[in-house]
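What follows is a set of notes on a single structure, which appears directly below.
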Amino acid sequence: MSSSTQLLTSILDANETYAEAFARSDPVLLQKLAKGQSPRIFWLGCSDSRVSAELATGVAPGSIFVHRNIAQCFHPGDLSASAALAYAVHVLKVEAIIVCGHTGCGGVKAGMQAAVESKQREDKGEKVEPPKPGSVEDTIAKWIAPIKSLASSQLPSCTSDPLEALELAHLTDAHVRDTVKAVADSDLVRAAWDEGRELSVHGWVYHVATAKLRDLDCGWKGVGVRADSLSRPSTYAESEPRE
Ligand SMILES: [Zn+2]
């Protein structure tokens, strides 16, 4: 048996164990879920294997409607993210949207590095050929373009070490804030607010090293109306190693 077959077999075995334990511990919930879902939260998070919405929050299945992509982006015209948001807000009628970034995000890091490389080439007067359309480089460059722009906007115009001038944790927070704003400004969310619906949009960051969530207190609950602060007195953010 190949190692990947073993891996998949072990995952199916784990599912057997999970299903049996679930049926034993909460048969009522299992029956309820079989009839439908009524989550109260929409989660826009990163695809990163270390950040699970359900595990991080400890909620039961059926509690969170999730859309994940690399670096929790909400690009204009992204049909997949828009469809998930539309369904969550207008069909499931969720009450809160959480945009959740995380420490050590590879997507944010790639955007940061792309901004630094662009600046270094610019400083040297080097011309950059665009990647071949449809290539791996082209696909990634297009996806991280807004993060690269954000990173570029934070680069000081004159610095000997641009990578030193940017901080991944700071950029991660800024990207979550930008994404919260993009979601709150979307027609889909504004339509819900126009209907007088109670719906809030929040920005959180998951700290991989501690498994703790931090509220960035950058949320909205209406056009131009800030969401209530969810921040609690805490010191873990300060104790997180800098990246
Ligand atoms: Zn990530």
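The values are calculated or read from the model by the stated rules, or taken from the named source; none is laboratory data. Note that the structure is a prediction, hence the values are computed from the model and not measured. Ideal geometry is used to build each Cβ from the backbone, glycine not excepted, and the neighbour counts take in all protein chains shown. With ligands, DNA and RNA removed, areas are computed over all heavy atoms of the protein, side chains included. Shrake-Rupley method; radii C 1.70, N 1.55, O 1.52, S 1.80 Å.
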With the requirement that a residue be away from the ligand (no atom under 16 Å from the Cβ) and surrounded by 17 or more Cβ atoms within 10 Å (Cβ to Cβ), what does the stretch 64-78 give you?
ILE64, PHE65
Of the residues in the stretch 127-153 that are open to solvent by 90 Å² or more (accessible area, probe 1.4 Å) and more than 27 Å from LEU85 (Cβ to Cβ), the one that is farthest from the ligand (Cβ to nearest atom) is LYS127
Among the candidates ALA56, ALA115, which residue alone is of a type in the set (A, V, I, L, M), away from the ligand (no atom under 16 Å from the Cβ) and crowded, with 18+ Cβ neighbours inside 10 Å?
ALA115
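Matching residues to (1) touching a residue at least 60 places away in the same chain (Cβ under 8 Å); (2) in contact with a Gly (Cβ under 7 Å, 6 or more places away or on another chain); (3) closer than 18 Å to LYS181 by Cα:
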position: VAL89; (1), (2), (3): yes, no, yes
position: GLY111; (1), (2), (3): yes, no, no
position: ALA114; (1), (2), (3): no, no, no
position: GLN120; (1), (2), (3): no, no, no
position: GLU126; (1), (2), (3): no, no, no
position: GLU129; (1), (2), (3): no, no, no
position: ASP138; (1), (2), (3): no, no, no
position: ALA141; (1), (2), (3): no, no, no
position: LYS148; (1), (2), (3): no, yes, yes
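Results for (1) out of contact with any His (no Cβ under 7 Å at 6 or more places or on another chain); (2) assigned to a loop (DSSP other than H, G, I, E, B); (3) within 30 Å of SER200 (Cα to Cα), shown as yes or no for each residue.
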residue: LEU8; (1), (2), (3): yes, no, no
residue: ILE11; (1), (2), (3): yes, no, no
residue: ASN15; (1), (2), (3): yes, no, no
residue: ALA21; (1), (2), (3): yes, no, no
residue: LEU30; (1), (2), (3): yes, no, yes
residue: ALA34; (1), (2), (3): yes, no, yes
residue: LEU44; (1), (2), (3): no, no, yes
residue: ALA56; (1), (2), (3): yes, no, yes
